[in-house]
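What follows is one structure encoded as structure tokens, with my remarks underneath.
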Amino acid sequence: MRLFDDGVLEGAIDIHVHVGPDYMPRYADSITLAQEAAECGMKAVVTKCHLTSTVSAAQAANQIVPETTIIGSISLNGTVGGLSPRSVVAAIKSGARVVWLPTVDAKYAFDKAKQGHWIKHYVNTSSFGYPTEQLTVTDLEGKLKPEVQEILRVCKEYNAVLCSGHISPQECFAVAHEAKKIGFKSFEITHPNAWLEDFSIDVLKSLAEKGCVISLSYGACSPHNGRQDPAEIVEIIRGVGAENCIMMTDYGQVNSPSPVQGMRVFYYLMKSLGISQKELDMMLKTNPARLLNIED
């Protein structure tokens, strides 16, 4: 007998879940995640690893658990060639539908780590003691690098989503400007609520006005990821508008609940803080489906 209603996740999509096997322990592999998501009627989950592609594991999960869709991705850190258009094409042709700009190798993440931000755990453990190039998408003059322009073009050509990863607000604006210039409408700003000291509501409103989709992470509320007050997420939704936002978990850590149940808690928490059912459906179902181009 269940003491809660998993029906609230019917048709929901989580665009950001970390899965194993990975360089650190994870809650589950893609198949287990797919089984749990299917039990709750979730439509899709995007799986992510910082240092490798999740495409092969996603394909295996979809063959075994066809009731939900597991979507593979690639994160453009040094282990896959960094800002490499070739790596992007290879991943997309293999089945990836989501591309993350640098995360643990992003210069912005290194800078935040030096300031004591909780991201330091991920930055420090992912290098394994080896020298790591700190990646930026812009040059010294703040202009978007040619290889990033090509990555944008490739994502547009193959209808893939590009996510900001852990780059700075200034870099996000540079990417957003180029995306708007070429007519690319699938640029997601990744968990800006994790660094509100830089991604203010005014910054996020400006990015949304440029066509960016703002994803809001429940993971930032976790004890190991900053203990953010959920009320701050509500303030972002009110300031930016639910029509421009997506709710996701960024779960998969072994010290967090399951990603599926994390999303359920996120739903009820936002509802208790005044977010309407219409807004919840928009951020859990409509907006991520549109971003991923999997609308019914």
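Computed from the coordinates by the stated procedures, all read-outs in this text should not be read as laboratory data. Not measured: the values here are computed from a predicted model. Don't worry about glycine lacking a Cβ; one is built from the backbone with ideal geometry, like all the others, and counts go over all protein chains shown.
Remarks
- When the convex hull of its Cα atoms is viewed from all sides, the chain shows a mean projected area of 14.4 nm².
- Here the gap between ASP296 and GLN277, fully extended at 0.36 nm per residue and compared with their Cα-Cα distance, gives a gain of 4.9 nm.
- The relative contact order of region 6-292, computed from alpha carbon pairs under 8 Å that lie at least 6 residues apart in sequence, is 18 percent.
- A cut-off under 9 angstrom between Cβ atoms defines the neighbours of VAL19, and their net charge, with Lys, Arg +1 and Asp, Glu -1, is 0.
- Listed residues ALA179, THR54, MET247: farthest to the positive end of the dipole of region 6-292 (Cβ charges): ALA179
- Rounded to the nearest angstrom and listed largest first, the equivalent-ellipsoid semi-axes of region 105-215 from its Cα gyration tensor are 24, 17, 12.
- Residue-wise HN-Hα couplings along region 98-115, as the Karplus relation 6.51 cos²θ - 1.76 cosθ + 1.60 with θ = phi - 60° gives them from phi, are 9, 10, 9, 5, x, 10, 5, 9, 6, 4, 4, 5, 4, 4, 5, 4, 5, 7 Hz; Gly and Pro carry x.
- Backbone amide hydrogens, once placed in the peptide plane, bring LEU135 within less than 5 Å of ALA106, LYS107, excluding anything fewer than 5 places away on its chain.
- Relative contact order, percent, region 156-277 [alpha-carbon distance under 8 Å, six or more residues apart]: 20 percent
- Close amide-amide hydrogen proximity is noted between ILE15 and VAL46, THR249, each under 5 Å apart and 5 or more residues distant or on a separate chain (H modeled in the peptide plane; Pro and chain starts excluded).
- Pairs beyond 19 Å (Cα-Cα), from LYS143/LYS181; LYS205/LYS271; LYS112/LYS145; LYS210/LYS285: LYS205/LYS271; LYS112/LYS145; LYS210/LYS285
- Charge dipole of region 6-292 (Cα centre as origin; +1 on each Lys and Arg Cβ, -1 on each Asp and Glu Cβ, all else neutral): 420 debye, rounded to the nearest 20.
- A simple count of charges around LEU51, restricted to other residues whose Cβ falls under 12 Å of its Cβ and scoring Lys, Arg +1 and Asp, Glu -1, yields -1.
- Backbone amide hydrogens, once placed in the peptide plane, bring ASP29 within less than 5 Å of GLY20, excluding anything fewer than 5 places away on its chain.
- Across every direction, the projection of the convex hull enclosing the Cα atoms of region 256-296 has a mean area of 3.4 nm².
- Qualifying aspartates and glutamates (Cα of each under 15 Å from Cα of LYS43; at least 8 residues distant if same chain): ASP6, GLU10, ASP14, GLU67, ASP281, GLU295, ASP296
- Think of it as helices only: each DSSP H run of n ≥ 4 in the chain is worth -39500 (n - 2.57), and spread over all residues that comes to -11500 deg cm²/dmol at 222 nm.
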